[in-house]
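Below is one structure, written out as structure tokens, with a few remarks after it.
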Amino acid sequence: MEQYRIQGGNRLHGEIEISGAKNAAVAIIPAALLVNGVCRIENLPEISDTETLLHILRSLGAEIRMLTPSSVEIDCTRVTWQNADYDLMRKIRASYYFIGSMLGRFGHAQTTMPGGCNFGVRPIDQHEKGMRALGASIDVRNGFIFGEGRLRGAEVHLDKVSVGATINIMLAACTAEGKSIIRNAAREPHIVDVATFLNTMGADIRGAGTDTIKINGVPALHGGSYTIIPDQIEAATYMIATAGCGGEVLIKNVIPKHLDCISAKLREMGTVVEEYPDSVLVRSSHPLRGVSVKTQPYPGYPTDAQPQITAVLTQARGTSIVTEDVYEGNRYKYVNELRKMGAQIRVEGKTAIVEGGIPLTGALVAACDLRAGAAMVIAGLCARGTTWVEDVHFIERGYQDFVGKLRSLGADIQLVELPDRPLAGDATA
Ligand code: EPU
């Protein structure tokens with residue numbers, strides 16, 4: 001078991017490079033199953049979720065060659081139907097993309113119910129609705145999802161804006177016979193990235209990035225090369241960390257437009273954010289001002305940057321109100337961990353009321369999930385004394401070299417093996 005040990009109080013200074021977008025990569029790898037030929041994928045993030053997906057593809061018979069740690073060639077030409085590694089599938093959320101890509105490739109699909117971060121109920125009814133509209137029968141039993149049927153183009157109106165359902169229906173519709181339309185589609189940058197990847201491989205998808213996506217089915221996809229966009233949420237995490245710790249950081253290899261709502265919120269808090277063609281500079285001098293934050297589908301404030309900004313709002317002047325409007329379940333489990341560090345936060349339904357300006361003190365805390373883990377690290381960097389963050393495997397699912405990148409900015413954070421546990425009274429040393 002590993003944990004992070006953080007000595008708080010250092011300002012962040014320097015430059016870092018953002019890696020490829022996790023939530024694009026985790027769809028593009030299953031999408032490679034639709035391709036006859038070699039897909040070369042560049043700017044692949046080096047995180048455990050992409051490793052798991054590559055293992056699943058390999059278990060299906062794909063040939064996979066790592067050219068560099070962030071560049072891979074995937075050849076699914078000779079893949080024939082066989083059972084995947086279901087233990088790996090149930091570990092991650094993005095395994096649901098195999099429903100769309102297996103149906104498109106084989107006319108049948110078998111996956112497990114998806115795993116991933118636990119924010120309460122995370123239904124996949126909109127994925128099922130989309131597959132059924134395209135002509136597949138979908139059956140969920142014994143923890144598995146079975147799909148069967150020859151796909152034909154259809155119109156799907158999503159009842160809820162869903163990133164996963166939008167991408168999954170796009171995957172399934174690519175090689176379906178005829179034209180499909182997805183209405184009320186999600187508009188996140190990674191939706192556009194997956195559509196651009198598929199188009200590079202011969203698909204005919206228009207309108208990705210708007211709420212109406214039109215897909216003309218093509219007989220087959222062919223090989224090609226594709227470079228994944230930079231990770232919007234990884235960049236947001238370093239921007240928020242810099243705002244919280246103070247200092248000046250140039251965050252390179254980003255698309256500033258994708259960060260508009262983060263930049264706007266940080267400016268509202270009193271942080272300077274300068275935009276350049278493919279980087280943003282964040283300069284922060286305390287004190288920060290409290291603000292209201294409401295999560296929404298893109299281009300609104302992203303739910304995946306909600307825990308990180310809440311951690312920093314504990315240090316801002318005044319009371320802040322955070323509203324989680326994407327997930328109906330509980331995306332505030334990490335608040336209990338922040339309370340161990342002295343934070344005063346009250347959760348009422350989907351709202352968290354944060355009393356700012358109370359110094360945090362180091363403590364032993366857990367990463368409840370990926371972004372909650374990033375929030376605990378940020379809290380530790382802002383706190384007095386030493387913080388230990390447990391369950392860091394959650395963080396490593398989605399952040400490439402989190403410790404190395406933060407250390408390069410001057411943060412005092414180390415990966416340590418248990419039993420490097422705090423002694424009573426140590427935490428506020
Ligand atoms: N929803 C339904 N029915 C569905 C699908 C979704 O009711 O069939 C609801 C969800 O319960 C949620 C909302 O719709 O309340 C949005 O869910 P969405 O489908 O957009 O989320 P997802 O596809 O399961 C992806 C990311 C998440 C990110 C969300 C929202 C992946 C693998 N996961 O999840 O990423 O929070 O979109 O942007 O792409 C993360 O990176 O930390 C993470 C959790």
SASA check, Lys257, accessible area w/ 1.4 Å probe, all protein chains in place, rounded to nearest 10 Å², comes out at 130
With -39,500 (n - 2.57) per DSSP H segment of 4 or more residues and division by the full residue count of the chain, the 222 nm estimate, nearest 500 deg cm²/dmol, is -8500 deg cm²/dmol
Ordering 80-90, 391-401, 170-180, 235-245 by per-residue average of other C-beta atoms within 10 angstrom, highest first, gives 235-245, 170-180, 391-401, 80-90
Here FRET efficiency (C-beta to C-beta, Ser225 to Glu355, R₀ 51 Å, nearest 0.05) is 0.50
1/(1 + (r/R0)^6) with r = Cβ-Cβ of Ser292 and His13, R0 = 22 Å, i.e. FRET efficiency to nearest 0.05, evaluates to 0.15
Of 311-318, 96-103, 60-67, ordering from highest average Cβ density within 10 Å down gives 96-103, 311-318, 60-67
Residues whose built amide H sits under 5 Å from the amide H of Ile145, excluding neighbours closer than 5 in sequence, are Thr111, Thr112, Met113
A correct Karplus calculation of ³J(HN,Hα) over the range 308-315, with 6.51 cos²θ - 1.76 cosθ + 1.60, θ = phi - 60°, whole Hz and x for Gly and Pro, returns 5, 6, 4, 4, 6, 5, 4, 9
Computed over the chain: longest principal axis from alpha-carbon atoms vs helix 370-382 long axis, angle to nearest 10 degrees, is 20
Scalar couplings 3J(HN,Hα) for the range 256-268 by Karplus 6.51 cos²θ - 1.76 cosθ + 1.60 (θ = phi - 60°), nearest whole Hz, x for Gly and Pro, are x, 4, 5, 9, 3, 6, 6, 4, 4, 5, 5, 5, 4
On each of the three principal axes the extent of the alpha-carbon atoms of the chain, given in whole Å and largest first, is 63, 43, 40
When all Cα-Cα pair distances of the range 193-308 are considered, the percent exceeding 21 Å is 47
Check: in the chain the Lys pairs 8 or more apart or on separate chains whose Cα atoms fall under 16 Å apart number 8
Measuring from the longest principal axis of the C-alpha atoms of the chain, the long axis of helix 189-200 (C-alpha) lies at a number of degrees, nearest 10, equal to 30
Expressed in square angstrom to the nearest 10, the accessible area of Lys265 with a 1.4 Å probe stands at 30
Length-normalised contact order of the chain, Cα under 8 Å, at least 6 apart, in percent, tallies to 20
Probe 1.4 Å, heavy atoms of protein chains only: per residue, the accessible area of the chain in Å² is 37
Excluding ligands, DNA and RNA, the carbon-plus-sulfur percentage of the accessible area of the range 286-401 with a 1.4 Å probe reads 48
Rounded to a whole %, the carbon-and-sulfur portion of the accessible area of the range 181-225 at a 1.4 Å probe is 47
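The values are calculated or read from the model by the stated rules, or taken from the named source; none is laboratory data. Computed from a prediction, not measured in an experiment: that's the story for all the values here. With ideal geometry, Cβ positions are generated from the backbone for all residues, glycine too; neighbour counts draw on all protein chains shown. Only protein heavy atoms, including side chains, enter the accessible area calculation; ligands, DNA and RNA are left aside. Shrake-Rupley method; radii C 1.70, N 1.55, O 1.52, S 1.80 Å.
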